[in-house]
Amino acid sequence: MAIKYKVVAQKQPGVKGGGQTKYYARICNRKKVSLKQIAEEIESATIIHHVDFHAINQALLNWIPKHLLEGNSVWLTDLGTFTVSLTSKPSDSPEKVSAADIIKVNVQFRPSPEFKQKLLNVKFEKVS
């Protein structure tokens, strides 16, 4: 299986008049795979019933945010680590920084080395 990509033209950002056009590869034709589909695939390949899979997923949905909201990282062994990051407004001095300066909170996922290893043999297919 290959990841499909297309070629897109893009002008140089910040250059008056757009600058020179450059061409870049961009992933295309992404389809969403549902949790139901993954549960069915796991059920057909293991002894885990799809109902058990959904129960585990629901538990993760409850517990991962709880731990992230406590300021912890959540390490899922061979899968990777979830962490919270934030974006804030700049201040002129450390004393002026407060929680009111925090603009948004993001969840970041850092894949484990085992997870990254699975993606090493990626193949690409150019589409028009």
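The values are calculated or read from the model by the stated rules, or taken from the named source; none is laboratory data. Keep in mind that this is a model prediction, so the values were computed, not measured. Glycine gets a Cβ as well: all are built from the backbone with ideal geometry, and neighbour counts include every protein chain shown. We work out accessible area using only protein heavy atoms, side chains counted, and drop any ligands, DNA or RNA first. Shrake-Rupley method; radii C 1.70, N 1.55, O 1.52, S 1.80 Å.
Brief remarks follow.
- Charge dipole magnitude, Cβ of K and R +1, D and E -1 - the range 4-128, Cα centre, debye nearest 20: 1060
- The calculated FRET efficiency for the pair Val51 and Glu114, based on their C-beta separation and a Förster distance of 25 Å, comes to about 0.35.
- Here's the picture: charge each Lys and Arg Cβ at +1 and each Asp and Glu Cβ at -1 in the range 83-128, and of Ser88, Phe109, Asn121 the one pushed furthest to the positive end of that dipole is Asn121.
- Options [x] 1.08; [y] 1.52; [z] 1.00 - which one matches Cα Rg over 2.2 N^0.38 Å as calculated here: [y]
- Expressed as a whole percent, the accessible area of the chain that falls on carbon and sulfur atoms is 58 (1.4 Å probe).
- Qualifying aspartates and glutamates (Cα of each under 19 Å from Cα of Lys116; at least 8 residues distant if same chain): Asp78
- Cross-link check: pairs Lys104/Lys126; Lys11/Lys32; Lys36/Lys126; Lys89/Lys118; Lys31/Lys118; Lys4/Lys36 evaluated at a Cα-Cα cut-off of 27 Å; pairs beyond the cut-off: Lys104/Lys126; Lys11/Lys32; Lys36/Lys126; Lys89/Lys118.
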